[in-house]
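Where a number appears in this text, it was derived from the coordinates with a stated rule and is not lab data. The model shown is predicted, which means the values in this text are computed figures rather than measured ones. All Cβ positions, even for glycine, are placed from backbone atoms using ideal geometry, and neighbour counts span all protein chains on display.
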Amino acid sequence: MSTKLWQRATGCACVVLVAGGIAACGGSSSKTTSAAPASGGGSATSASSGTGTSASSGTGTSGGGSSSGAAAAVTAALKRPTSININIPLKKKPPTGKTIIFLRCSQPVCAGFEQGLAPAAKALGWKLANVGFQPTPEAEVQAIDNAVSQHPDGIFMTGLARSAIQSGLAKAQAAHIPMVDGYTTNAATPPIIANVANGPSGNSANPKSIANYIAAKNNCSGNTAVFNIPTYPILNFGTQVMTSTLKKLCPKMQVTVHNAQATDVGTSLPGQIVSVLQRDPSIKYVAYAFGDMALGVPQAMKAAGVTADLLGFGAGEPTNVENVAKGEETAESTVGIPYGGYRAMDAFARYFEGMSTKIDTSAMNPSQLFDSTNASGVTTWSQVATPSNMPQQFYKLWHVSG
């Protein structure tokens, strides 16, 4: 999801991940190492687990892999999606007059969700309301309590770890209010009727596309530093997918994961990345778990006189794509955040019709990789990782005109 709760240092999930395919290459060589802790609360962590424990694979600057399959996967990932990947129409037009409350985070990414939620609600004849909250566990639970007290027909939330909001979920279930989740690893179990972007079954392509990109660019040469925020389960998932894919593609490449805190984004993280690059000139690629982690990094690297390719493997936003076009970042894997809003409304519509909502959890989220070949001119969410006629595809399923 591009950006989400980036100022949070507590343990709630928050982002979205996606894009690509892998092509294994032969050979193996690995050892476990620990990089020096990064400044500002960061630490080196394990590439093999992807969950905040430090390890790396390989010893040299040559990755020793084969990039032909990875290159083909990159070519496919660069193409704009043409389908919303949901193809089961509703039995009939859903009832009008429903009220859906969106638990709106304080970060800019949530405006992207509204670009899908608002037109979808209008087309369905529903009312959309927001309950805002700050990025603390207490505020998240209070937001759910607030939403439940308004007795809506449904609640949409994104990026909140189930373990941190269990009391709020219990109140929603007791009030028989369905909830749609997104951009978490939470299971779609009551009161959650669907998770529109859950990582494992919904959208694991983005981290793979960046692994492919690294492997294909220089035939696995150079080493990679990966930056993650382990308090977010969805980021751990993406980091694990990315690092495990890259190590299959480039078994001799050294891949080291560095942990940061949410409050490091846009503050101390640029300095942490510069320090890692200064300590190890063999690092040619810096990969980060979501787009906002690039804030301030190109400028800090330029000031320090260090270079490396910058690549985001989850939740790249239009601003990241613009940075790719300007040469400040190398590549970004993206998903359409407004698409998540439309897909949440699709789940509610199916629920109100008594239909299964499984497809809204299981269908792959459309995704897209951007590099210098296709980033020019992209400035809005409507141009990112979604079909050009996305609204019309949903409206056809719902039997509405929009």
Given K91/K127; K79/K122; K217/K302; K79/K252; K208/K248; K217/K248, the pairs whose alpha carbons are separated by over 19 Å: K91/K127; K79/K122; K217/K302; K79/K252
Separation of the S372 and N389 label points, Cα + 7 Å toward Cβ, nm: 3.5
Applying a 10 Å radius around every beta-carbon, put 171-184, 314-327, 139-152 in order of their mean neighbour count, most first. 314-327, 171-184, 139-152
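Given the peptides 283-293, 252-262, arrange them by the average over their residues of other C-beta atoms within 10 Å, most packed first.
Those peptides, ordered most packed to least, come out 283-293, 252-262.
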Tell me, C105, C110 in order of fewest to most beta-carbon neighbours within 10 Å? C110, C105
A170-T75 FRET efficiency (beta carbon distance; Förster radius 60 Å; 0.05 resolution): 0.80
Per residue of region 100-106, in order, report the coupling 6.51 cos²θ - 1.76 cosθ + 1.60 (Karplus, θ = phi - 60°) as ³J(HN,Hα) in whole Hz, putting x for Gly and Pro. 10, 9, 9, 7, 8, 5, 8
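Applying a 10 Å radius around every beta-carbon, put 237-247, 123-133, 365-375, 90-100 in order of their mean neighbour count, most first. Provide the component values of the computation, followed by the final result.
On the way: 237-247: 27.2, 123-133: 18.2, 365-375: 23.1, 90-100: 14.7.
Listed from highest to lowest mean packing, they are 237-247, 365-375, 123-133, 90-100.
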Just going by the charge dipole of region 85-144, with Lys and Arg at +1 and Asp and Glu at -1 on Cβ, which of F102, A118, Q134 is farthest out on the positive end? A118
Only four residue types carry charge here, +1 at the Cβ of Lys and Arg and -1 at the Cβ of Asp and Glu. Report the dipole size of region 254-335 about the Cα centre in Debye, rounded to the nearest 20. 280
